[in-house]
Amino acid sequence: MRLGDRLSFPIQLPAWCMLACGLVASCALSFWADRREQREEQANFARRTEFRGAALQQGMTNAIDALQVVNRLFVINGNISRDQFHSFTQPLRARYPYIEAFVFQRLVSSEERPAFEARMGSRFPGFTIDDIVDGKRVVSGAKNRYRVVDYVEPMEQGQEAAFGLDASSLPSMDEVVRRADDSGQPTASDLSPLMMSGAQRGVRIVMAVYKSGAVLDDAAARRHAVVGYTMVVLRPGALVEKILAPSGSLGTAGLDIRVHAAASADQAELVYQVPGATTWNRGAWRPAWLLKHRQEPYSHRFDVAGREWRIDISAQPAPFFDSHADALLALLLGLLATFAGTAYLRSVALRAQRIHQLVAQRTEELERVNGSLVEYIKAGKLAEEALRQSRSKLRNLANHHERIKEDERKRIARDIHDDLGQDLIALRIDVSMMAEPPTSAAITRTRIDAAVGQIDLAIEAVRVIINNLRPATLDLGLHAAVEWQAMEFERRTGIVCEVDIDHDEFTLDDKHATALFRMVQESLANIIHHARASRVHIALRRTNDRLFMKIADDGVGLADDYHGKPNTFGLIGIQERIHALHGTFSTASAPGEGMTIMVSIPI
């Protein structure tokens, strides 16, 4: 056998290896690209669905808030005129066009009926309290009590058909009214046909109006104090469409959205579906592999005035070539690169024999250099790993602080909305009512007193929010702030918190005092979440030009590997605060023996 024949296979071996490795790498790259596309599609689908779910829930809350504002109008002002009811509800209907009507149902006893009908007849000739019997309107017979539809807005487009009806003649609403009486909260009905809109189905949300100043300690007291009911009539389909319309910026292509007025996906309770939503037909002419992996459908239940609603969003499968473009491109480029590399290696292999001897001569020198490089690279990797860990900790700590700030912003926004916002709305109602001509000085005095009371509530809400942001006691010094925080901690948790403070005079600037106070807050928060302690001891001492602080508890202590665990943000945050003050920080702990934090800063 000739020498060329013996060397033919070794010379071509790198080329064949390149071909095999290239094919494997191309397939792996294509698979990775396909997985990445699926993850991105899943993430995009999750963002779109969660955005719509949150928007729908917020829109429902706005509609219920509108009912509560109208209810508060009756509670604060007692009996209001029809013109006032019209003026107040008109802007709400403009803001929420999916509200079919605002209704006020007045409770009228059998003794009050003649006077009530006479009073109404003076404005509406021929007025009587009527029932609905077999779909026809007839004069109501003798009853102990009537739930009369007194105010309806708008009084047009068929809405006037409900005016003067005794709503108790419609037994479908009895259970809803009973729950509204007992709970004092907005209560929603089932999905049912709207009497005022023909075959259209809707939802009624009812809220009881109680006597002003009545004691509402229990359900019996609330039932006794009811004088009427405010109600909104909603068209759910229009409501959902109006709420989801602004979220169209993310697109609805490929989404199947269904909203049910029930906790289950009962077709009879379907109130909204994306128009034109279709499902791919996996027929015999379209193999299953031509369709991409379907996204997990999104299903969310939310409360609508005491009843569970449900939104289901699913993604329609797309054609293979539309959803795997990156994977196919990666496979094609990988194959081209593999064939080009194989051809190149084949040509290079032919030159390998000519340079083999030169390589052998340089090998010994390269081995010596390589030994040095290995040591250098090893040291560099150790330094790089240390730097990476440091950056990771700082990045995680920064993200943790951002989450804390966002949670605090949400809490402040919620406090402003729930307390200050509601008080300002009520104050606006009181002030708007002062513009009406007073009927007597007593009514004027009552309106002014109500406005002053709402102002006091708003001022108190502002004080609470400010105190939560930065305790006022911190302005009195670190001593007072720490003692106040300890009392609040003991009051909230029941854990005994002892404070031992050296009351020798020393002065701290706001930066140092705030940092130490936040350290105390963070330590107490860690004790609540992790320590399971029954007693905490806080000591504050000054020695010469340094201030020492110690926080000890008798809890479960720290595990041996606690400091090596990621996301131990509590201790890291405290350590960073003390480092910024050029101080020292240390801990002492053992499993089952509690934990002690010791801090020293120059003053």
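The values are calculated or read from the model by the stated rules, or taken from the named source; none is laboratory data. Since this is a predicted model, take the numbers as computed values, not measurements. Cβ: placed from backbone, ideal geometry, glycine included. Neighbour counts: every protein chain shown.
Residue by residue, here is whether (1) assigned to a loop (DSSP other than H, G, I, E, B); (2) more than 30 Å from the chain's Cα centre (by Cα) holds:
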site	(1), (2)
ALA513	no, yes
ARG518	no, no
GLU522	no, no
ALA525	no, no
HIS529	no, no
ILE538	no, yes
LYS550	no, yes
GLY555	yes, yes
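From the list ALA101, ALA66, exactly one residue is under 22 Å from GLN185 (Cβ atoms) and outside any strand (DSSP E or B). Which is it?
ALA66
Can you spot a residue in segment 554-568 that is of a type in the set (D, E, K, R), modelled with pLDDT of 85 or more and surrounded by 15 or more Cβ atoms within 10 Å (Cβ to Cβ)? First the steps, then the outcome.
Taking segment 554-568 first, the residues of a type in the set (D, E, K, R) are 554, 560-561, 565.
Imposing the further condition that a residue be modelled with pLDDT of 85 or more reduces the set to 554.
Among the residues that remain, those that are also surrounded by 15 or more Cβ atoms within 10 Å (Cβ to Cβ) are: 554.
Yes, that holds for at least one residue.
Residues that are surrounded by fewer than 18 Cβ atoms within 10 Å (Cβ to Cβ), under 20 Å from PHE85 (Cα atoms) and at pLDDT 75 or above: does segment 452-466 have at least one?
no
Consider segment 66-89. How many of its residues are out of contact with any strand residue (DSSP E or B) (no Cβ under 7 Å at 6 or more places or on another chain) and farther than 15 Å from ARG428 by Cα?
5
Sort through ALA219, ALA214, ALA238 and tell me the only one that's small (Gly, Ala, Ser) and at pLDDT 80 or above.
ALA219
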